[in-house]
Structures are given as structure tokens and as C-alpha cells.
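As C-alpha cells, the structure follows; a few thoughts come after it.
Only the coordinates and a few stated rules stand behind these numbers; no lab work does. None of the values given here were measured: they were computed from a predicted structure. Cβ placement follows ideal geometry from the backbone for every residue including glycine, while neighbour counts extend to all protein chains displayed.
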Amino acid sequence: MEMTFAMIKPNGVKSGLVGKIIERYEDAGLAVCALKMHQMTSADARGFYAEHVEKPFFGELEEYMTKGPSVMLALGGENAIAKVRAINGATNPAKAEPGTLRYDFAPSMTENVVHSSDSPASAEREIAFWFKKEDTYSYEGPGRKACTVMGK
Ligand code: CMP
């Protein structure tokens, strides 16, 4: 059992893909353990993407991420981190495999539709960045789904 953080970025929300994207995660046996909609402020973007603030693409990333709401998700299940990364596909949509969300829906590297944690440490940090403990739920459903409480 593992937890991960996933985000449906502003163009995913604007294109009406929220249901389709969550369906792919749930169909892979993952459980939604926390969920909220939030439009990032510049301060949010600078905090969440702290490792990218000095990169040349940060300005474009910040503009895109603050121009509309995103959907924040904590997901739980077996191998949740690897499963969500596989469902999302490569960061650069031009390199994403057919059948992945980024291959299917992402027009560019910046507007790459979804985000997910790349390690247990980043999952913990990212879940705690967006969620308080009381916003995440612990439950088990039919099959492989399982959540634990995480957050700050
Ligand atoms: P993600 O991995 O979800 O979080 C960081 C984001 O920065 C990444 O998605 C891309 O949207 C963006 N990004 C990363 N590298 C580049 C790059 N070289 N050029 C433009 N955008 C990038």
C-alpha cells in the first residue's frame, strides 16, 4: 500500500477531462483518498515547484498553473506512485506512449495535463503541501483499493 499525489492541471479541468482522468486512476485499482479544486497563486506555484523556480521555463509554468483551477488528489493503493506515473506518461507529451493521459490529451510540455509524485518522499511532501491530515481519509473498498491518512 502506497500513497501518491496527483494533480489535474488547468487545461485538463478546462477541457472537461476531470472525470475521465479520475476514472483511469480508479480503474487501475487506486482509491481517491483526498480531493479538492484549487487555483494556484504565485506563492503556491513557487512553493510547490520550489525545485524549478530558477529554471528558464518557470515563468511560463507559473503563468499556466495560476490561470485556472486544478484538481488536487491524494491516491492510494498498491504501487500507487509507479501506477500513476505509468498512466500519466512521460513529462514531455512528445515522448509519451500511446494510451497514456499525456499522449491522449497534452498539447505541450507546459500544458501537460497532469502531475504526479515521483518518489515516496515527494508524495509525502506534495500531499502535505495541499492537504491537512483531516482532509485525507483512511478506508478500504472492494478489491485492491486502500487509503491511509496523510497530510500536514
Ligand atoms: P511536472 O513534472 O508535473 O512538474 C514540473 C513541470 O514543469 C512539468 O510537469 C512540466 O509541465 C514543466 N517542465 C518541466 N521541464 C520543462 C521544460 N524543459 N520546459 C518546459 N516546461 C517544463
Scoring only Lys, Arg, Asp and Glu (+1, +1, -1, -1) among other residues with Cβ under 15 Å from the Cβ of Val53 yields -4
Taking r as the C-beta separation of Ala121 and Asp27 and R0 as 25 Å, the FRET efficiency to the nearest 0.05 is 0.40
Quotient of Cα radius of gyration and Kirkwood radius for the chain, i.e. Rg/Rh, equals 0.94
Among the Cα-Cα pairs of segment 1-91, the proportion with separation greater than 17 Å, in percent, is 52 percent
Note, Glu140: beta-carbon cut-off 15 Å, +1 each Lys/Arg, -1 each Asp/Glu, net -1
So for R0 = 30 Å, FRET eff. of Ala50-Glu97 from the Cβ-Cβ r, to 0.05, ends up at 0.55
